[in-house]
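Please treat every number below as a calculation from the coordinates, not as lab data. Since the model is a prediction, treat every value here as computed from it, not as a measurement. In this analysis, Cβ positions are derived from the backbone assuming ideal geometry, glycine residues included, and neighbour counts consider all displayed protein chains.
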Amino acid sequence: MKNKIILSLLILIINGCGSSNDKVEPRNNLANSQVVEDIKLVSIASSNQAYLDLNLKKDKVEVWEDGMRTNGGYGSYEWWYSDFIFTDGTTIAVTFYSKLLFNTYGSPFPMVTLNIVYPDGRRVDDTDIAFGQKLNASKTSADVHIKSSYLTYEEGNYKLHYSKGDITFDATMISNLPMWRPETGHIYFGETNYFAWLPAQPSSTVNATLQENGEKKELIGAGYHDHNWGNSPIHENINNWYWGRATVGEYSLIFSDIIAQEEYDYERIPIMMVAKGNEILELNGSIEIERKDLITDKNTEKSYANKLRFVQKGTNGRTYTIETSKKSDIAFVDMNIVPYDAGENPTYLRSTADITLTVTEKNGTKKSYKGMGIIEQMSFNDNVENNPKGK
């Protein structure tokens, strides 16, 4: 049975999301800068000039970067995502949005979603909406408030609170790693359109409490938090992506495989982070990616890769191979409630997965680490499952 994050009442007000009174903002205040690399139509901005233009440092992610990065209005979208895997088998995800999901050209529409999957498979999906308001968020750090729920940064760690009706969730997220981003974190499509990604808390130790219908339980586990924003409709730039994260043994992993739209020749943007203990390892060279065991997913009715494989070398001479095997679905969203172009079919699927990291030494010796992680597929069309360019 499809498990949707129900936003049915939003459909009644979709037509009002793009008021003619909205001020038209420039898509990108960097339009005249030299941020974009000249070599590719699609690339992660990484030149010295890109860092200067974006006011970023190469060797350090600063706290302000997880603050609000858009004006929350017309011509933008933004969200802060956090997920948790607890030792009792409970998984929880909470996302704070400035808009109705990715509705770039709609009016401000702050909303927060909560997804819970209990060990017995029971699911709870909840949404709280601040109708008629702009997002209450700081630009100096992560400090996002939507009605009674919030996500705040406090001295290197995060606190998250969700409260609506008979559900209350509180989490203290203690950072195991520094903030991280792939280069500048800005993926450009053409000259000015971008999609930005900041894994502000790649790995955390979490102490939480969950209360539902008067029953309260204490939870401990592992967490993750990231932040996305952009200045043009995602579906015009990206065809689909797979993303995942896991903690396996002493390693923390983040990986992503993004494929651009046909307009950008289905360019592939691979990203991979490997950390050992509290140190993010330096990787270099190209990332090899395989999408395997393709099926037609029962929720999205689209092609889905049950297994993923990412391979990249480290500067230490070791090779790191991440392999995923999907276990069970924990959230499905039919995003047709957002105004997209006719004929498009945006869907989102989040799942648990068995994750294996294999570390291969220079001499060929291998050691594997296993654990459970979270993966997602975001698809804006009938997704291109494997890059036609063969990259």
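A simple count of charges around LYS307, restricted to other residues whose Cβ falls under 13 Å of its Cβ and scoring Lys, Arg +1 and Asp, Glu -1, yields -1. Say the dipole of the stretch 235-391 comes from +1 at the beta carbon of Lys and Arg and -1 at that of Asp and Glu; which of ILE238, GLN312, GLY249 then lies farthest toward its positive end? In the stretch 235-391, that residue is GLY249. Note on the chain: GNM, Cα springs under 10 Å; of ILE220, ILE238, ILE355, the largest mean-square fluctuation is that of ILE220. Past the 24 Å Cα-Cα mark, which pairs from LYS276/LYS370; LYS139/LYS276; LYS276/LYS313; LYS276/LYS366; LYS58/LYS366? Beyond 24 Å between Cα atoms: LYS139/LYS276; LYS58/LYS366. Count Lys and Arg as plus one, Asp and Glu as minus one, and take only other residues whose Cβ is under 12 Å from that of GLU65; the net charge is then +2. Ranking ILE146, THR70, LEU114 by how far each Cα lies toward the positive end of the dipole of the chain (charges on Cβ) leaves LEU114 at the top.
With springs connecting C-alpha atoms under 10 Å apart, model the chain as a Gaussian network and identify which of ASN316, ASN299, ASN237 has the largest mean-square fluctuation. Between ASN316, ASN299, ASN237, it is ASN316 that shows the largest mean-square fluctuation.
Ordering HIS227, HIS161, HIS235, HIS145 by the number of other Cβ atoms within 10 Å of each residue's own Cβ, fewest first, gives HIS161, HIS145, HIS235, HIS227. Between TRP64, TRP229, TRP80, the residue with the greatest mean-square fluctuation in the GNM of the chain (Cα pairs under 10 Å linked by springs) is TRP64. A cut-off under 15 angstrom between Cβ atoms defines the neighbours of THR358, and their net charge, with Lys, Arg +1 and Asp, Glu -1, is +3. Given the alternatives [x] 19.9, 65; [y] 24.1, 73; [z] 23.7, 83, Rg and Dmax of the Cα atoms in Å as computed for this entry is given by [x].
Full extension of the chain between ASN284 and LYS362 gives 26.6 nm of extra length, using 0.36 nm per residue less the Cα-Cα distance. The relative contact order of the chain comes to 14 percent, based on Cα pairs under 8 Å that sit 6 or more residues apart.
Counting other Cβ atoms within 10 Å as a rough exposure proxy, the listed residues LYS302, LYS370 run LYS370, LYS302 from fewest neighbours to most.
Relative to the Cα centre, the charge distribution of the stretch 248-328, modelled as +1 at Lys and Arg Cβ and -1 at Asp and Glu Cβ, gives a dipole magnitude of about 420 debye.
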